[in-house]
Amino acid sequence: MGQKATEILVWDGVEVMPTEMLWNLGLSAAIGFVSYVLKNYADEVKRLQILLNRTREEVAKDYVTKTDVQSSMNMLIARIDNLDAKIDALLRSLAK
């Protein structure tokens, strides 16, 4: 059917690229640059997500859980109650 032939333009005896080829070259370069920038941003986001996950894991190591605190407090209260009972017994024996 009707295929368009690419013409080589000649300007002052020098062959010049046609406008279509320049446009294709410019678009290809722009798309390549945008793709490169987007890939770098995606890699940076991935790196930051990994760092954030590591930070969350390290922070979790530093804190105690609610059940750990409750069991420690229960043991502490039991010992204080035991000391209180001994002090009460001592005061009763001294009061006699």
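The values are calculated or read from the model by the stated rules, or taken from the named source; none is laboratory data. Since we're looking at a predicted model, the values are computed, not measured. Ideal geometry is used to build each Cβ from the backbone, glycine not excepted, and the neighbour counts take in all protein chains shown.
Just one of the listed residues (K39, K66) is loosely packed, with under 10 Cβ neighbours inside 10 Å and among the charged types (D, E, K, R), and it is K66.
State yes or no: is E44 charged (D, E, K, R) and either outside any helix (DSSP H, G or I) or modelled with pLDDT under 95 (or both)? Against the criterion (charged (D, E, K, R) and either outside any helix (DSSP H, G or I) or modelled with pLDDT under 95 (or both)), E44 does not qualify. Among the residues of region 9-36, those that are surrounded by 10 or more Cβ atoms within 10 Å (Cβ to Cβ), among the aliphatic types (A, V, I, L, M) and either modelled with pLDDT of 95 or more or not in a helix (DSSP H, G or I) (or both) comprise L9, V16, M17, L27, A29, A30, I31, V34.
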